[in-house]
Amino acid sequence: MEIEWTEDLETGIGIVDDQHRELFGRIRHFFAAADRRDPDVTLQTVDYLAEYVIEHFNAEEAIMIKHSYEGFPAHRDQHSGFIKNIYRVKQTIVFEGLSDELIQKLRCDLIDWLVNHIQVSDKQLADIQQKEVSRYKW
């Protein structure tokens, strides 16, 4: 299972879509390092991924606050859960190393979570923003 950006993942929120594309690239970079079984580079890419995830989630959450998005608490909790998962990934690599089973599990878990989150939660956010914009058009 590989992660690939497709048009059906677009939310219509320019900055969010741009950041999602970058996030997909960072996840590909992480798995390339993991597939080479290079623990130092893999850990560096986990940190690189975590930094960007936090930056991206902050941008999304600012949009939610700006539009008084009712789903903010649940959406923020999803973000927090993903960040905790990235932390667990790093701890697992540090203490257990890289194995085929771990890499395959991470590949499925990270990709499934991200794609599902975009297709469901982020698209709901996009719908709310579009309604907000439409309300102010003359």
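General observations
- Out of PHE57, PHE30, PHE82, sole residue that is assigned to a helix (DSSP H, G or I) and either basic (Lys, Arg) or at pLDDT below 90 (or both): PHE30
- The number of residues in region 1-21 being surrounded by 14 or more Cβ atoms within 10 Å (Cβ to Cβ) and either assigned to a helix (DSSP H, G or I) or aromatic (Phe, Trp, Tyr) (or both) comes to 6.
- Subset of region 8-63 [among the basic types (Lys, Arg) and at positive phi]: ARG37
- Hey, TYR69 farther than 22 Å from GLU7 by Cβ and within 13 Å of the chain's Cα centre (by Cα) or not: no
- Among residues of region 56-83 that are over 15 Å from ALA126 (Cβ atoms), those with a Cβ under 9 angstrom from a residue that is among the basic types (Lys, Arg), sequence gap 6+ or separate chain, pair up as PHE57/ARG76.
- Test: residue in region 38-48 that is buried (at least 16 other Cβ atoms within 10 Å of the Cβ), polar (S, T, N, Q) and either over 20 Å from ILE111 (Cβ atoms) or in contact with a Phe, Trp or Tyr (Cβ under 9 Å, 6 or more places away or on another chain) (or both): yes
- Qualifying residue in region 127-137 (condition: at pLDDT below 90, closer than 24 Å to ILE63 by Cα and of a type in the set (Val, Ile, Thr)): yes
- Evaluation of VAL41 against the conditions (1) aliphatic (A, V, I, L, M); (2) without any contact (Cβ under 8 Å) to a residue 12 or more places away in the chain; (3) over 25 Å from PHE95 (Cα atoms) shows that the sole unmet condition is (3).
- Some residue of region 61-79 being part of a helix (DSSP H, G or I), among the small types (Gly, Ala, Ser) and within 29 Å of VAL94 (Cβ to Cβ): no
The values are calculated or read from the model by the stated rules, or taken from the named source; none is laboratory data. Please read these numbers as outputs of a predicted model, since none were measured by experiment. Don't worry about glycine lacking a Cβ; one is built from the backbone with ideal geometry, like all the others, and counts go over all protein chains shown.
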